[in-house]
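Okay, structure first, notes after.
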Amino acid sequence: MSILALKEVQVSYGSIRALKGISLEVEEGEIVTLLGANGAGKTTTLRTISGLLVPHPGTVVFDGREIQGVAAHEIVGRGIGHVPEGRRIFPRMTVVENLEMGAYQRRGSVGADLDRAFGLFPVLLERRKQLGGTLSGGEQQMLAIGRALMGRPRLLLLDEPSMGLAPLIVTQIFGIIREIRQGGTTVLLVEQNAAQALAVADRGYVLETGEIVMSDSAKVLLHDDRIRAAYLGEGAA
């Protein structure tokens with residue numbers, strides 16, 4: 001069953017069309033990745049889904065309801081979490097305070113959600129009283145993901161979670177993405193590390209200058225000569 005569907009979505013920045021009528025679907029329980037070079041429209045796609053941008057024209061359907069034009073905070077309340085590029089944590093708030101901000105729309109105790117975040121990211125438990133700005137890049141990325149999960153999203157949008165991180169931390173982050181899906185959260189992943197993204201994803205879409213030029217299972221894309229040449233740094237076989 002489709003949890004998310006974009007239909008002929010166009011988004012412009014002034015006279016520049018960033019998305020040129022893209023359509024895609026994400027099934028419940030999947031990890032789907034968006035691949036593409038810088039400027040292809042990947043971040044714009046996520047920002048449109050989360051309500052930070054409004055398509056003209058086009059529709060964004062989440063859980064059977066159109067959400068284009070709905071305020072971003074309402075979209076969070078409906079079940080979409082967004083981990084933006086660059087992490088965007090609160091540097092002068094502690095780890096716990098950052099996590100609690102992820103549950104700002106909810107009432108009642110967040111103890112179980114904190115336990116889940118600390119279970120996924122044990123280092124955050126060790127750092128729980130530290131200011132966010134004192135964490136390493138990898139720890140900040142874990143904090144950003146943990147904060148989004150505090151809202152109990154059904155769909156998690158991840159924008160370049162491996163950017164600027166050491167290879168060992170990247171491997172750890174992608175392992176956690178698998179765990180998040182196993183816990184029942186659907187994931188839409190934007191990532192330039194095509195090898196890691198396709199290794200963890202079920203399906204993928206390839207964006208070029210605002211248009212979807214390929215879509216297939218992750219396994220097929222991983223072995224496609226064009227993808228290998230363009231995104232994996234390998235020549236065609």
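The values are calculated or read from the model by the stated rules, or taken from the named source; none is laboratory data. Because the structure is predicted, anything quoted here is derived from the model rather than measured. Heads up, the Cβs are rebuilt from the backbone with ideal geometry, glycines too, and the neighbour counts pull from every protein chain shown.
Considering only the range 169-188, I want to know if a residue exists there that is of a type in the set (D, E, K, R) and over 14 Å from the mean Cα position of the chain (by Cα). Yes: one or more hits. I'd like to check something: does the range 56-72 contain any residue that is in contact with a strand residue (DSSP E or B) (Cβ under 9 Å, 6 or more places away or on another chain), polar (S, T, N, Q), in contact (Cβ under 8 Å) with a residue 60 or more places away in the chain and not in a helix (DSSP H, G or I)? So far as the range 56-72 goes, no, none of its residues is in contact with a strand residue (DSSP E or B) (Cβ under 9 Å, 6 or more places away or on another chain), polar (S, T, N, Q), in contact (Cβ under 8 Å) with a residue 60 or more places away in the chain and not in a helix (DSSP H, G or I).
Does the range 42-52 include one or more residues that are part of a loop (DSSP other than H, G, I, E, B) and either farther than 17 Å from Leu155 by Cα or in the same structural domain as Leu135 (by TED's automatic domain parsing) (or both)?
Among the residues of the range 42-52, not one is part of a loop (DSSP other than H, G, I, E, B) and either farther than 17 Å from Leu155 by Cα or in the same structural domain as Leu135 (by TED's automatic domain parsing) (or both), which makes the answer no.
Among the residues in the range 96-108, are any within 23 Å of Gln196 (Cβ to Cβ) and of a type in the set (Ser, Thr, Tyr)? Checked against the condition, which is being within 23 Å of Gln196 (Cβ to Cβ) and of a type in the set (Ser, Thr, Tyr), the range 96-108 yields no hits at all. Screening Leu188 on (1) touching an Asp or Glu at 6+ places or on another chain (Cβ under 9 Å); (2) more than 18 Å from Phe62 (Cβ to Cβ); (3) of a type outside the set (Ser, Thr, Tyr) shows it passes everything except condition (2). If the condition is being surrounded by 15 or more Cβ atoms within 10 Å (Cβ to Cβ), among the charged types (D, E, K, R) and in a loop (DSSP other than H, G, I, E, B), then the range 8-37 contributes only Glu30.
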